[in-house]
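Below is one structure, written out as structure tokens; the observations come after it.
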Amino acid sequence: MKHRLIFITLMLLALAPALYAADPTAESKPTVAVQATLFTPAADLQGDWNFTADPKLPNVLIIGDSISIGYTREVREKLTGKANVYRPMSGKEPANCGDTTIGLANIDGWLGQQKWDAIHFNWGLWDLCYRNPTSKAYGNRDKVGGKISTSPEDYEKQIDQLVTRLEATCAKLIWANTTVVPEGEVGRFVGDDEKYNAIAARVMQKHSIPTDDLFTLTKGFAGKYSTKAGDVHYTATGYEKLADQVAATIEKSLTKRTEPFQSKTNNAPKPATPPAYAASVPKPTFSEVRYGPHTRNVLDFWKADSDQPTPLVFVIHGGAWKSGEKERVSSAVDVSALLKAGISVAAINYRYTTQATGITPPVKAPMEDSARALQFVRSKAAEWNLDKNQVGAAGGSAGACSSLWLAFHDDLADPKSQDPIARESTRLQCAAVTAAQTSLDPQQMKDWTPNSNYGGHAFGFTNFNDFLAGREKILPLIAEYSPYALLTADDPGVYLKYMSAPAIGEIMKDPAHTANFGVKLQEHCATKKVSCEVVYPGAPNVKHATPTEYLIEVLKSK
């Protein structure tokens, strides 16, 4: 275990921070240190990796290990005049994106601030590889005496986390499954490629992401295009055949970007293709129901079959309040399970912070949209057969923060308003959320997690350092929009789920979604005698495995 930690530490140090594109005309793009531990054949690194992007063309990002490095330039050439093809870079050389652990640590840097139309991505060969620090094989490969880089269980969790992060870009996502492991590979077992591909296929099916089947293609090579026996890398001919398929898949997926790609009135990135629900989500009873004047003030509603008024789960999507769609509802709850339990569901869109023109702070727009949407749904109680007094909220990341804001905020109803919708309550009976930011106080976040980097945009700051420096001037706004600051003894119980264990005061792999947020809110809730269940790997006293289970128990307990 000690050797495994040393190895991962070396890889992470080699990769942070990462460059997301090879365009020499781009401004202020970070570079990375030389990747001493990430092997890529020298022949694949040679040549000029720079290119000049055409602003009229869609932008495509290729994420992957050395196999993808081998075909990236061929793909770029084949898509000349059709798309700008980028990949993460390490200085002047392409970056090997390694395994899912490296991916989680660097994904934000690779995505950067670019607006992506399509992202073709893969992790796998590095995850299923066995490593031994004493091995003399490149990459310390050793399937006899080494340790697996990523267990199947961790691979599934981490791929799901990465997909969730990529979904926030609103780009067309294309999963490239892992290429074949040949006989005689010293660090990988034949058959593990199919095992890990099957795991990834489950995740992609859950998120309705198409697969570029590179495994079947390379299995058909039958070793003909391998650089040598037992090597996962390919000759120039092999990479050209890979590039043919990758380029064709990307081109087919692209909806050419035309103006207005970014609406002048709404100032929001548009998805390359219309968003769609995962296959597991049933068709809504009502779609695109308008609850406000903005184009994003719409919601979808699923009506549970019941003779009696039903509870409601109100879902707010994530995406840093800057991206995302209601169609990501399956990342927050199991709609089918809720309907089966007799609970109706609503999923909303809201204004992004980038659309909050003249609104201070910018986060006021998405949060108050959430409150208005909840009031609107409550106003439909008679028509939609809802129990106004049994409403729970759910969401992930920024949507989770908004859910907690609703749970802890005083009622925003205006009983004297002439608008009947405004007279409806915004109070909840519970909230069950995933990867929630429980505080928007930069000092509090930094005390809990020293490498905190999230939240400045919610208050109009461009980076976390400015956010922290300007904290004193916006304390009243923090008090109004930070869930932690709003908590009082009369608030409803909440459930929070995270993908990794907490470590207060330590550097975290994903500081924006760390369980540190959860355990610190749990401590605060304990002082107010408010129920707070926090779930993470290794958490004690877990009563509910998922937000859906919690919501069903609480909302059906009446």
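Filtering the range 221-255 down to residues that are under 19 Å from D65 (Cα atoms) and of a type in the set (F, W, Y), which residue is surrounded by the fewest Cβ atoms within 10 Å (Cβ to Cβ)?
Going residue by residue through the range 221-255, those that are under 19 Å from D65 (Cα atoms) are 225-228, 230-247, 249-250.
Filter once more, keeping what is of a type in the set (F, W, Y): 225, 234, 239.
Numbers: Y225: 17, Y234: 23, Y239: 24.
My answer is Y225.
Where residues in the range 221-260 are assigned to a loop (DSSP other than H, G, I, E, B) and acidic (D, E), which of them is modelled with the lowest pLDDT?
Filtering the range 221-260 for residues assigned to a loop (DSSP other than H, G, I, E, B) gives 221-225, 227-233, 235, 254-260.
Subset that is acidic (D, E): 231, 259.
On the way: D231: 93, E259: 33.
Top of the filtered list is E259.
Could you tell me how many of the residues in the range 281-312 are polar (S, T, N, Q), under 17 Å from A373 (Cα atoms) and buried (at least 18 other Cβ atoms within 10 Å of the Cβ)?
Count: 1.
Yes or no, residue by residue, for (1) touching a strand residue (DSSP E or B) at 6+ places or on another chain (Cβ under 8 Å); (2) at negative phi; (3) not polar (S, T, N, Q):
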residue: V313; (1), (2), (3): yes, yes, yes
residue: W321; (1), (2), (3): no, no, yes
residue: L339; (1), (2), (3): yes, yes, yes
residue: V345; (1), (2), (3): yes, yes, yes
residue: A356; (1), (2), (3): no, yes, yes
residue: M367; (1), (2), (3): no, yes, yes
residue: Q375; (1), (2), (3): no, yes, no
residue: K380; (1), (2), (3): yes, yes, yes
residue: E383; (1), (2), (3): no, yes, yes
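When the range 179-196 is examined, which residues are found to be surrounded by fewer than 21 Cβ atoms within 10 Å (Cβ to Cβ) and outside any loop (DSSP other than H, G, I, E, B)?
Result: E194, K195.
So, I209, is that one in the same structural domain as S68 (by TED's automatic domain parsing), of a type outside the set (D, E, K, R), modelled with pLDDT under 95 and at negative phi or not? It would help to see each step written out before you state the result.
Details: in the same structural domain as S68 (by TED's automatic domain parsing): yes; of a type outside the set (D, E, K, R): yes; modelled with pLDDT under 95: yes; at negative phi: yes.
Yes: the conditions hold for I209.
Any idea how many residues of the range 448-483 are within 14 Å of A512 (Cβ to Cβ) and under 21 Å from the mean Cα position of the chain (by Cα)? Reasoning before the result, please.
Taking the range 448-483 as the starting set, the residues that turn out to be within 14 Å of A512 (Cβ to Cβ) are 448-458, 463-464, 467.
Restricting the remaining residues to those that are under 21 Å from the mean Cα position of the chain (by Cα) gives 449, 451-458, 463-464.
Here the count works out to 11.
Among the candidates T488, T462, single out the residue that is touching a residue at least 60 places away in the same chain (Cβ under 8 Å), part of a loop (DSSP other than H, G, I, E, B) and over 23 Å from Q161 (Cα atoms).
On the way: T462 fails: touching a residue at least 60 places away in the same chain (Cβ under 8 Å).
Step by step, each of T488, T462 is checked, and only T488 is touching a residue at least 60 places away in the same chain (Cβ under 8 Å), part of a loop (DSSP other than H, G, I, E, B) and over 23 Å from Q161 (Cα atoms).
If I ask for residues that are under 19 Å from I67 (Cα atoms), touching an Asp or Glu at 6+ places or on another chain (Cβ under 8 Å) and of a type in the set (A, V, I, L, M, F, W, C), which ones from the range 150-198 would you list?
Passing the criteria: L173, I174, W175, A176, V180, V181, V186, V190.
Quick check on P537: is it under 17 Å from the mean Cα position of the chain (by Cα) and within 25 Å of N106 (Cα to Cα)? Walk me through how you get there before you give the answer.
Numbers: under 17 Å from the mean Cα position of the chain (by Cα): no; within 25 Å of N106 (Cα to Cα): yes.
Criteria not met by P537.
One line per residue, one yes/no per condition, for (1) among the acidic types (D, E); (2) closer than 19 Å to K364 by Cα; (3) assigned to a loop (DSSP other than H, G, I, E, B):
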{"position": "A432", "(1), (2), (3)": "no, no, no"}
{"position": "T438", "(1), (2), (3)": "no, yes, yes"}
{"position": "D447", "(1), (2), (3)": "yes, no, no"}
{"position": "P450", "(1), (2), (3)": "no, no, yes"}
{"position": "L475", "(1), (2), (3)": "no, yes, no"}
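Out of (1) buried (at least 21 other Cβ atoms within 10 Å of the Cβ); (2) within 26 Å of the chain's Cα centre (by Cα); (3) part of a helix (DSSP H, G or I), what's the single condition that is false for T218?
(2)
The values are calculated or read from the model by the stated rules, or taken from the named source; none is laboratory data. Since the model is a prediction, treat every value here as computed from it, not as a measurement. No Cβ is skipped: glycine too gets one built from the backbone with ideal geometry, and neighbour counts run over all protein chains shown.
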